[in-house]
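Engineer: Got a structure for you, questions after.
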Amino acid sequence: MQIKKVQVFPRTKGKVLAKIAFQCHGIIIHDCLLVEKKSGERILIMPKNKRGQDIVHPMDKPTREQMTAAAISAWEQRMEELTC
């Protein structure tokens, strides 16, 4: 799994931190959102259709955790680049 794009948004609690695109096994997944909840927890929200259903999603908890960790790491790296 590789991060292809990180679009950073102004940081506010309870808001979207970044829009992420993943590349995995020859497929690119666009419009994944890294969100920080009011509690401070960061979660990854997968792209949804017009009815609010996930278009794609991880098959299991370890994969979701791996994707979330990769998204957080990419966001942190991008934020570092922007502040230097």
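What follows draws every value from the coordinates through simple rules; no lab data is involved. All values derive from a computational prediction rather than experimental measurement. Quick reminder, even Gly has a Cβ in these numbers, built from the backbone with ideal geometry, and neighbours come from all protein chains shown.
Engineer: Which FRET efficiency value, to the nearest 0.05, do you get for LYS4 and GLU41 by plugging their Cβ-Cβ distance into 1/(1 + (r/R0)^6) with R0 = 41 Å?
Structural biologist: Working: r = 25 Å, r/R0 = 0.60.
It comes to 0.95.
Engineer: When only C-alpha pairs under 8 Å and at least 6 residues apart count, what is the relative contact order of the chain, in percent?
Structural biologist: On the way: 130 pairs, mean separation 19.7, N = 84.
Normalised by residue count, the contact order of the chain is 23 percent.
Engineer: With the convex hull built on the Cα atoms of segment 2-83, state its orientation-averaged projected area in nm². Display every interim value, and only then the final one.
Structural biologist: Values: hull surface 23.2 nm².
If you wrap the Cα atoms of segment 2-83 in a convex hull and average its projections, you get 5.8 nm².
Engineer: I would also like to ask the following. So how tilted is helix 61-83 from the main axis of the chain? Cα-based, degrees 0 to 90, rounded to 10.
Structural biologist: 30 degrees
Engineer: Sorted from largest down, what three extents in whole angstroms do the Cα atoms of segment 1-50 have along their principal axes?
Structural biologist: 35, 23, 16
Engineer: What distance in nm lies between label points placed 7 Å from Cα along the C-beta direction at GLN77 and ASP60?
Structural biologist: 2.6 nm
Engineer: Where nothing but the Cβ of Lys and Arg (+1) and of Asp and Glu (-1) is charged, how large is the charge dipole of segment 2-83 around its Cα centre, in debye to the nearest 20? Don't jump to the answer; show the numbers that get you there.
Structural biologist: Values: 15 positive and 9 negative charges, 82 e Å.
Roughly 400 debye for segment 2-83.
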